[in-house]
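As structure tokens, the structure follows; a few thoughts come after it.
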């Protein structure tokens, strides 16, 4: 799980395993695999770092990197 901040200033946790893509449109937009979107204050780079730390913590970083390479991410 990663902790993010919405534009009201409230924090929430999100399961990084459900993130399909992160974009800067210009606000950081996180799209989940079910199509739901979240708009957060963190930058795209910050969300990526938080997600990588999450995958490291649960021992899945090598798998996550391999899947990302296969899908062209």
A correct fewest-to-most ranking of 28, 11 by other Cβ atoms within 10 Å would be 11, 28
Among 46, 56, what is the fewest-to-most ranking by other Cβ atoms within 10 Å? 56, 46
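Bear in mind these aren't lab numbers, they're just calculated from the coordinates by the rules spelled out. Computed from a predicted structure; not experimentally measured. Reconstructed Cβ throughout: ideal geometry from the backbone, glycine too, with neighbour counts over all protein chains shown.
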